[in-house]
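Participant: To start, I am sharing the structure in question, which I have written as structure tokens.
The values are calculated or read from the model by the stated rules, or taken from the named source; none is laboratory data. If you're wondering where the values come from, they're calculated on a predicted model, not measured in any experiment. All Cβ positions, glycine included, derive from the backbone under ideal geometry; neighbour counts span all protein chains shown.
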């Protein structure tokens with residue numbers, strides 16, 4: 001028995017969404033992982049965790065994931081990644097049509113030489 005046309009469309013959308021989420025994860029890993037980034041010292045409660053200076057008082061970047069459950073918006077999910085100071089570092093928007101918008105935001109002090117890309 002073959003799936004109906006609406007079922008094929010649903011399966012294709014689910015497949016596209018899974019593929020897109022995989023691409024987003026790869027993108028985030030490429031941009032977030034830095035093997036040279038210092039870690040908090042061993043023997044401390046946060047030992048081995050990535051930090052920007054190696055000091056345990058520094059918190060890692062944190063991400064916020066928002067899922068749109070009503071079906072009324074064109075986007076399906078967005079992921080905001082914030083710096084320790086609370087400023088927005090990255091945003092990924094996954095749209096219902098399978099497209100995505102990936103944005104990076106320069107630090108508030110302007111040290112990157114760009115605002116958004």
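Participant: Only one of these conditions is not met by residue 75: (1) surrounded by 12 or more Cβ atoms within 10 Å (Cβ to Cβ); (2) under 26 Å from residue 9 (Cβ atoms); (3) out of contact with any strand residue (DSSP E or B) (no Cβ under 7 Å at 6 or more places or on another chain); (4) without any contact (Cβ under 8 Å) to a residue 60 or more places away in the chain. Which number is it?
Facilitator: All conditions pass for residue 75, except number (3).
Participant: Oh, and also: Specify the residue that is surrounded by the most Cβ atoms within 10 Å (Cβ to Cβ); the eligible residues are those in region 100-117 that are closer than 18 Å to residue 16 by Cα and touching a residue at least 24 places away in the same chain (Cβ under 8 Å).
Facilitator: Restricting to residues being closer than 18 Å to residue 16 by Cα and touching a residue at least 24 places away in the same chain (Cβ under 8 Å), the top hit is 100.
Participant: It is to be established whether one or more residues within region 35-55 are on the phi < 0 side of the Ramachandran plot, part of a loop (DSSP other than H, G, I, E, B) and modelled with pLDDT of 80 or more.
Facilitator: No, because not a single residue in region 35-55 is on the phi < 0 side of the Ramachandran plot, part of a loop (DSSP other than H, G, I, E, B) and modelled with pLDDT of 80 or more.
Participant: Just for region 1-32: of the residues that are more than 12 Å from the chain's Cα centre (by Cα) and at pLDDT below 75, which one is farthest from residue 97 (Cα to Cα)?
Facilitator: 1
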